[in-house]
Structures are given as C-alpha cells and as structure tokens.
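The values are calculated or read from the model by the stated rules, or taken from the named source; none is laboratory data. Keep in mind it's a predicted model, so treat the numbers as computed, not measured. In this analysis, Cβ positions are derived from the backbone assuming ideal geometry, glycine residues included, and neighbour counts consider all displayed protein chains.
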Amino acid sequence: MIIVMRPHAADEEILAVEASIASLELTAHVSRGAERTIVGVIGAPDDKEALRAQFVQLDGVEQVILISRAYKLVSREAKPEPTIVRVREGVTFGGETLALAAGPCSIESREQVLLTAQAVAAAGANLLRGGAFKPRTSPYAFQGLGQSGLEFMREAADRNGLAIVTEVVDPRDVELVAAHADMMQIGARNMQNFTLLREVGYARKPVLLKRGISATIDEWLMAAEYVYAAGTHDIVLCERGIRSYDTHTRNLLDLAAVAVLRTLTHLPVIVDPSHATGVRSLVLPMSLAAVAAGADGLIIEVHPTPATAKSDGAQSLTLPAFAELTARLAPVAHAVGRRLPAPAVVV
C-alpha cells in the first residue's frame, strides 16, 4: 500500500501519517521527492480496503494506492517518476547523463589501479570500479587485497576525480567498505544473500545490485526490495548476463530486461557487458547496444595488461580500447537523448 501526499504536504501532516501507521503496528517507509512525499505501508492486513479508507481521510493525503506486486517500494506503482541516484557531485545514475564505471576486475597493486584510474578518467569514466574482495568459484583463486585494495582505490579515485564502486561480499565487511567506497556493489553470487542485502540497506549508502546468475526479473526486484526496505533508497540495478546453454559467450546478455524494467520499477538500470559476454571483442558492440536499449550507464572491466590480469583478463579492455569505446559511445548516446559524463575534475 502506498500513501501519496499532496504536493508540498506539511511535515506535521507526514508525521501524522507515520504515527497512524505505527499505531496499527505497521511499518512506514517515507520517500521525499521535489514536490511530493510517498509513504509506503509494509505489513498491511487482509482488509486493505478498510485500511485505505482510513488513511485517505488523513490531512495531506491525496490518494492511497493498493499495490498488487510483491515488490512494493521499488515498483513503478509506488513511484511513477524515475529515480535519479546521486552518488556524489557530478556522478548520477538516471536522467540524461550516463554513468560510466571502469577499472580492473581485481585490485592487484597500487601502481595498477593508479595507472588505470588516470586512463579511464581521461577517457570519460566518472566511476572507478574494482574488486578489493573477490568471491571466486575456486577457493584457491586470487581473493583480492582486502583493506589495502580499498585504500589503493580511494587514493587513485581521489587523484583523478572519480567516485568508487566496489563489491562487498560479507556482512561483517559492510562498515569497512562503506568507509572507503562511494557506492557498494552486491555481486551476482550474493543477489539473494538476504543478510548482506539488509546490512547494505542499513548503511544508507548507494548500492549497485547485480542480477543473479539465473535470477528472474521479479527475483531481482525482490532483492532490491530488501535493500530499499532496510533504509537505502539509492539503488541501481545491473544486468550482467544470465546463465545459458551456449558456450560462445560467458553469459547471455538480456538487453530486453532493460526495457522491461522501465515498466516495472523506478530504479535506474545499467549494463555490464564485460561479465555478460566474457569476450573482449564483444564489449564494444554490446555497450553500444545497451545504451541504445535505454541503459542508464555501463560498468566495464579495464586493465593495463589484460594478459597478466589475476582475474577476468579475457574480457578486460586495454586502456586504449576503453578510450575508443567512449568515443564510439558518444553519438549513440546523443541519438537516444543521453550524453556522456563531463570530464572528471582531477585534484
């Protein structure tokens, strides 16, 4: 159930609605927009019509909407206008400006990430991506540098005017990652790690939520609902390919999901063509296709020397290849009414 307040409703009217919800032992989730405030009601009883009649009489309430979908707060019914997620000054997901996150799969050394950050910033990226904690299929594979990797990323990002998006894999590490990163990523393997979803939601920091390896769109949105209900409303969805029977690509890039999500949720959605394809030569064409399909941004793996990468070298672009990608991307973005980020401000 969603309570839509009248434009510019007074704070005391909103507080009265929250108090009324709490008196019924229900949970209120308040989302404040430029003109309207929307209050989500979680845990409504079976007699929702009677509850709607009760709430619609409260001062400042414009309408009460019953939501049929299992995901209440992230649905288009709850918030018809698209959400713009602001990570920091000049870095947003949604709206006319695309978000471009680029960097290595794994942070391997200070020198590696400094070199990569400088190159991707010069080519037009506005976020540095990279893994300090790496969930790997094999327990013997490189697991990341941990805290030192986060520190290397922070230094490299600050030097080149970039925001940081990096993965958190353990609920116990949320506080540590949040202290270094501007945006926390939930990887495909952890999309349904509900304890982790709640913890990143409690942290109230922007979250990038990747689609699970075999997840349906509804399951993906329910995972987003966990984060949203826990308190973080700045959530970006990331399509990164789903498991398929074909072996020519690492995964099957579901670009139709980008268009479908526009009808189901107000959250921004981006595409990861690197993990979706697993093939370096396919990253450029799939990046162009993703933006043409309506994606709000891209997250791309870039490495100074992919042949020596400790993880995912086969899908990582070289530094010159990423610069070529952004140059090719600009006219496609313009054709669909979008634009690339402004050049990063180097400090």
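Brief remarks on what is shown
- Candidates are the residues of the range 11-25 that are out of contact with any strand residue (DSSP E or B) (no Cβ under 8 Å at 6 or more places or on another chain) and of a type in the set (Gly, Ala, Ser); the one that is farthest from residue 64 (Cα to Cα) is 23.
- Condition check for residue 284: in contact (Cβ under 8 Å) with a residue 12 or more places away in the chain, assigned by TED's automatic domain parsing to the domain that holds residue 236, crowded, with 22+ Cβ neighbours inside 10 Å and over 16 Å from the mean Cα position of the chain (by Cα): no
- The single condition among (1) outside any helix (DSSP H, G or I); (2) in contact (Cβ under 8 Å) with a residue 12 or more places away in the chain; (3) among the polar types (S, T, N, Q) that residue 263 does not satisfy is (1).
- The lone exception for residue 160 - which of (1) free of Cβ contacts under 8 Å to residues at least 24 places away in the same chain; (2) in contact with a Leu (Cβ under 8 Å, 6 or more places away or on another chain) it fails: (1)
- Within the range 289-347, the set of residues being outside any helix (DSSP H, G or I) and of a type in the set (Val, Ile, Thr) comprises 299, 300, 302, 305, 318, 336, 345, 346, 347.
- Only helices (runs of 4 or more DSSP H) whose full extent lies in the range 153-232 are considered here, and the ones with at least 1 residues that are farther than 30 Å from residue 109 by Cα are 194-202, 217-230.
Quick grid of which residues meet (1) over 21 Å from the mean Cα position of the chain (by Cα); (2) buried (at least 17 other Cβ atoms within 10 Å of the Cβ):
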{"site": "294", "(1), (2)": "no, no"}
{"site": "297", "(1), (2)": "no, yes"}
{"site": "320", "(1), (2)": "yes, no"}
{"site": "324", "(1), (2)": "yes, no"}
{"site": "328", "(1), (2)": "yes, no"}
{"site": "333", "(1), (2)": "no, yes"}
{"site": "340", "(1), (2)": "no, yes"}
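- Residue within the range 211-227 that is within 17 Å of residue 273 (Cα to Cα) and touching a Pro at 6+ places or on another chain (Cβ under 7 Å) present: no
- Check on residue 309, more than 24 Å from the chain's Cα centre (by Cα) and crowded, with 18+ Cβ neighbours inside 10 Å: yes
- Matching entry among 111, 77 (being surrounded by fewer than 24 Cβ atoms within 10 Å (Cβ to Cβ), over 18 Å from the mean Cα position of the chain (by Cα) and touching a residue at least 60 places away in the same chain (Cβ under 8 Å)): 77
- Here residue 233 fits the description: in the same structural domain as residue 93 (by TED's automatic domain parsing) and within 24 Å of residue 76 (Cβ to Cβ).
- Among (1) over 27 Å from residue 107 (Cα atoms); (2) surrounded by 19 or more Cβ atoms within 10 Å (Cβ to Cβ), the one test that residue 289 misses: (2)
- Number of positions in the range 159-215 that are in contact with a Ser or Thr (Cβ under 9 Å, 6 or more places away or on another chain) and crowded, with 23+ Cβ neighbours inside 10 Å: 8
Residue-by-condition table, conditions (1) in contact (Cβ under 8 Å) with a residue 60 or more places away in the chain; (2) under 30 Å from residue 290 (Cα atoms):
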{"residue": "15", "(1), (2)": "no, no"}
{"residue": "21", "(1), (2)": "no, no"}
{"residue": "29", "(1), (2)": "yes, no"}
{"residue": "49", "(1), (2)": "no, no"}
{"residue": "70", "(1), (2)": "yes, yes"}
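- Residue ID - farthest from the chain's Cα centre (by Cα), chosen from residues in the range 126-152 that are in a loop (DSSP other than H, G, I, E, B) and among the aliphatic types (A, V, I, L, M): 141
- In the set 124, 144, 131, only one residue is buried (at least 21 other Cβ atoms within 10 Å of the Cβ), of a type outside the set (Ser, Thr, Tyr) and free of Cβ contacts under 8 Å to residues at least 60 places away in the same chain; that residue is 144.
- Residues in the range 330-341 that are free of Cβ contacts under 8 Å to residues at least 60 places away in the same chain and aliphatic (A, V, I, L, M): 330, 332, 335, 336.
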